[in-house]
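Chemist: Below: one structure in C-alpha cells.
The values are calculated or read from the model by the stated rules, or taken from the named source; none is laboratory data. Predicted model only: the values in this text are computed from it and were never measured. Cβ placement follows ideal geometry from the backbone for every residue including glycine, while neighbour counts extend to all protein chains displayed. We work out accessible area using only protein heavy atoms, side chains counted, and drop any ligands, DNA or RNA first. Shrake-Rupley method; radii C 1.70, N 1.55, O 1.52, S 1.80 Å.
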Amino acid sequence: MTKIDHTTTFVAPVSPIVEFWKDVLAPKFLTYRHILEGGLSRHSAQVFPRLEIQNGARVLDVGCGFGDTTLALARMVGPKGHVSGIDCCPDFVDVAQTELQSSEIGNAEFHVADAENNLPERQYDNVFARFGTMFFVNPVSGLRTMRKALRPGGRLTHIVWRQRAENPWLAAARSVLLKHLPQPDADAPSCGPGPFSMADPAVVRTQMEAAGFTDISFEKIDAKVLVGRTIDEAIAFQLALGPAGEIFRTAGDVGERKRSAIETDLQALFSSEHHDADGIWMNSASWMISATSPQQSKDIEWRMFPTKLQMQGRSLNPMRAGAPAVMCAITCTPNL
C-alpha cells in the first residue's frame, strides 16, 4: 500500500464556477441534503461492494460533499489505511468535518480543494468520486490530475449519471419547465458542464484515454431515488436545483410570474409517481466507471482539439454555442 504522507497539502480553489457553487448552490444543497445524500447513496451503496480497495489503502474521495462516502471508505480501508475527502465548497466540508468529529473514525480528513488542479501526485492507491466529475470544466484536464494523483497501477472509480431519458427524477421536471420557460442562455452562470455531461460512454472513454487511463470499464447502476417527502417538497426541490432549477433561476421575474402554472404541472407530474410512507420515488440511472493509472503513462495533448469557444478565448459549454460534437468530445458536453 502507498505510504501515508501526513504533510500532503491541498490548494484552495478559486474560479467563477467554484464561486457559483459556494454562493448559489451550497445553501440549496444544505436545505435538501436529505434528498440529495439519501438518493445519491443508493448508487454508491451498489458500487462500494465492487470497489477494488484493499485494507490499508490510501484513498482520495473527490467531490466528497457532506462526507458520507469518505467516512464509508475510511471504514473500508481500516485503521491502517487513510482517506482524504476534498470538495470545492467550504460549506460542504464544514458539514463533513462535523460528521467526522461525531464519529469514532480516526483515519479520515477533509479539505477544501479543487480536483481539477494541484492534487498531490502519486499519493493514492485509489481515487473515488460520486457524481462530481460531470462538473469538471475541462474533463480531460481534471481526469488527468486525478490519474496523476494515483500511484502507478492505482485505480479510479467514478459514478456519473447516464442519459437524461434514463433519469426521469431530473428530466421529467425539466420537460415541464421547458413548456413554460426558455432554456438558459449559454453565458448564464452555472455549476459547470452539468449532470449529464458524462452520460455518453464513447465520449467519456475518449476523455479518459486522453487523460492517460487504461482498462476503462462501464457498469450500469439503477436505483429509485427520493425526490421529496411530500409533493410540495418535490416541487420546491426541482425549482431549486438540477436542470429544472437552472431553467427557473435564470428565467428570473418571468419564472416567478409563471410559478403558479409551473407548480400546477409539477404537482400533476409528482402525483403520478410512486409514493410510500417516506415520500415520492423516481427512477435514476448511473454509470460506474473504473480505470487504471498505467505503470507508464503517455498524456494526449488535448489542446490539439480546440473548441470554437477556446479559439475565441472562452471556456464553457461549447456545444450550447454550436461547436461541432467531434470537437467537444474531449472538453465539454451540454449543461442541460
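Chemist: The conditions are (1) without any contact (Cβ under 8 Å) to a residue 60 or more places away in the chain; (2) surrounded by fewer than 17 Cβ atoms within 10 Å (Cβ to Cβ); (3) charged (D, E, K, R), and residue 209 fails exactly one of them. Which is it?
Modeler: Unmet for residue 209, out of (1) without any contact (Cβ under 8 Å) to a residue 60 or more places away in the chain; (2) surrounded by fewer than 17 Cβ atoms within 10 Å (Cβ to Cβ); (3) charged (D, E, K, R): (1).
Chemist: Need at least 2 residues that are among the polar types (S, T, N, Q) and without any contact (Cβ under 8 Å) to a residue 12 or more places away in the chain per element, so show me which helices (runs of 4 or more DSSP H) inside segment 22-135 make the cut, counting only ones lying wholly within it.
Modeler: Of the helices (runs of 4 or more DSSP H) lying wholly inside segment 22-135, those with at least 2 residues that are among the polar types (S, T, N, Q) and without any contact (Cβ under 8 Å) to a residue 12 or more places away in the chain span 90-102.
Chemist: Moving on to the next point. Quickly run through segment 229-245 and pick out the residues that are part of a loop (DSSP other than H, G, I, E, B) and not charged (D, E, K, R).
Modeler: Keep residues of segment 229-245 that are part of a loop (DSSP other than H, G, I, E, B), which gives 229-230, 241.
The answer is 230, 241.
Chemist: Can you tell me which residue among 141, 103, 84 is open to solvent by less than 20 Å² (accessible area, probe 1.4 Å) and in contact with a helix residue (DSSP H, G or I) (Cβ under 9 Å, 6 or more places away or on another chain)? Explain how you work it out, then say what you get.
Modeler: Values: 141 fails: open to solvent by less than 20 Å² (accessible area, probe 1.4 Å); 103 fails: open to solvent by less than 20 Å² (accessible area, probe 1.4 Å).
Only one candidate qualifies: 84.
Chemist: Looking only at residues in segment 25-51 that are open to solvent by 30 Å² or more (accessible area, probe 1.4 Å), among the polar types (S, T, N, Q) and touching a helix residue (DSSP H, G or I) at 6+ places or on another chain (Cβ under 8 Å), which one is modelled with the highest pLDDT?
Modeler: 31
Chemist: I need the full set of residues from segment 86-111 which are more than 21 Å from residue 32 (Cα to Cα) and under 18 Å from the mean Cα position of the chain (by Cα), in order please.
Modeler: Within segment 86-111, 110, 111 qualify.
Chemist: Out of all the residues in segment 12-24, is one or more modelled with pLDDT of 85 or more and open to solvent by less than 70 Å² (accessible area, probe 1.4 Å)?
Modeler: yes
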